Amino acid sequence: MNPFDPRTARKAGEAAAKEVGKLWLRKGERLLLTLPPLFGYSGALIGGVRGVPHVAPDDLPALRLDRCRWPLPADGDLEWTEDPTVAYWAEAADRRQDAVRFLDGLAASRGIARFTMTTQRVALLLPAGMLTEPGGRTGLVELYEVEPGRVRGLRSQFLGRSVPPVRTVTVDFADGSTLWLRDRLAAEKVAAALSR
């Protein structure tokens, strides 16, 4: 199976949406967008300081993860879009802003968590079985969640200098922070989310 094939990406997106609909949505809540897991590092520019890979704080729940065997991101001033090991990026004035809090969960889960937007919530979801202490929870659990009013904008962007350019789902938060998530079908998914 070729992960760069649009059909493969579409099937992964459909599977993620089905799982979210079955295990997490509340009655009357409509799913706008959910992205399938994308294994990769996170990076950030926070208060003018670049951090690649981004290191999540210790206050997140402990997760069951194998030892990471990925190559580290490239050193230097390479744009994050030009480094295939970096899947997520955030820019913010400080660590307390929403884009960084979402990025923390993506970094801690190594991209297994999925960014999800509904008519009632914006959340980073993770299978409960990944928690070292699930506390009786099953299905999908939130690593971070905010109300939809905290999102100022949702757009699709082509970024970087490579050919083809990197496709991203870009989330602008009301606090001025921004989160970029690589996604092969970003334009299609954002258009569908905005039309719902």
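The values are calculated or read from the model by the stated rules, or taken from the named source; none is laboratory data. These numbers were taken from a predicted model, which means no experiment stands behind them. FYI the Cβ positions are ideal-geometry reconstructions off the backbone, even for glycines, and counts take in every protein chain you see. The accessibility values were calculated without ligands, DNA or RNA, using every heavy atom of the protein model including side chains. Shrake-Rupley method; radii C 1.70, N 1.55, O 1.52, S 1.80 Å.
Heads up, I need the accessible area for SER162: 1.4 angstrom probe, whole protein in place, Å², nearest 10.
Spelled out: SER162, probe radius 1.4 Å, area about 40 Å².
Could you work out the pair-distance distribution P(r) of the stretch 70-183 from its alpha-carbon pairs, with 10 angstrom bin width and percents rounded to whole numbers?
13, 41, 33, 11, 1
Two-decimal Rg/Rh of the chain from alpha-carbon positions, Kirkwood Rh? Show your work: numbers first, answer last.
Working: Rg = 15.9 Å, Rh = 17.0 Å.
Result for the chain is an Rg/Rh of 0.93.
Can you give me the C-alpha center-to-center distance between the stretch 6-62 and the stretch 159-189, rounded to a whole angstrom?
13
Would you please put 57-65, 45-53 in order of how densely packed they are, using the mean number of other Cβ atoms within 10 angstrom per residue and starting with the highest?
Details: 57-65: 11.7, 45-53: 14.3.
Ranked from most to least packed, the peptides come out as 45-53, 57-65.
Over the heavy atoms of LEU23, what accessible area does a 1.4 Å probe trace out, to the nearest 10 Å²?
Rounded to the nearest 10, that gives 80 Å².
From the phi of every residue in the stretch 119-136, what ³J(HN,Hα) in whole Hz does the Karplus formula 6.51 cos²θ - 1.76 cosθ + 1.60 yield, where θ is phi - 60° and glycine or proline is x?
Karplus values, whole Hz, x for Gly and Pro: 5, 10, 8, 10, 9, 10, 9, 9, x, 4, x, 7, 6, 5, 10, x, x, x.
What percent does the relative contact order of the stretch 105-169 come to when contacts are Cα pairs within less than 8 Å and at least six residues apart? Before the final figure, lay out each step's value.
Details: 85 pairs, mean separation 15.1, N = 65.
Once normalised by length, the contact order is 23 percent.
Can you pull out the chymotrypsin sites (Phe, Trp or Tyr not before Pro) in the stretch 36-87 that DSSP calls coil and that have at most 15 other Cβ atoms within 10 Å?
Numbers: sites: PHE39, TYR41, TRP80; in loops: PHE39.
Filter output for the stretch 36-87: PHE39.
Only sites in a loop by DSSP and with at most 13 other Cβ atoms within 10 Å count here; which trypsin sites (Lys or Arg not before Pro) in the stretch 116-181 make the cut?
Numbers: sites: ARG121, ARG137, ARG150, ARG152, ARG155, ARG161, ARG167; in loops: ARG121, ARG137, ARG161.
Hits after loop and neighbour filter: ARG137, ARG161.
In percent, how large is the relative contact order of the chain, given Cα pairs closer than 8 Å and 6 or more residues apart? Could the numbers behind the result be given before it?
On the way: 385 pairs, mean separation 44.5, N = 196.
This gives 23 percent for the chain.
For the stretch 1-56, how big is the tail of P(r) above 14 Å, as a whole percent of Cα pairs?
Numbers: 1036 of 1540 pairs.
In whole percent, the share of Cα-Cα pairs in the stretch 1-56 beyond 14 Å is 67.
Share of the chain's accessible area from carbon and sulfur, percent, 1.4 Å?
That fraction is 54 percent.
In square angstrom, what is the accessible area per residue of the stretch 64-165 with a 1.4 angstrom probe? Present the calculation step by step, with values, prior to reporting the outcome.
Numbers: 5170 Å² over 102 residues.
Here the residues of the stretch 64-165 average 51 Å² of exposed surface.
Along each of the three principal axes of the Cα atoms of the stretch 9-94, give the extent in whole Å, ordering the values from largest to smallest.
For the stretch 9-94, the Cα extents along the three principal axes come out at 46, 28, 26 Å.
About the Cα centre, and with charges only on the beta carbon of Lys, Arg (+1) and Asp, Glu (-1), how big is the dipole of the chain? Nearest 20 debye, please.
With Lys and Arg at +1 and Asp and Glu at -1, about 840 debye.
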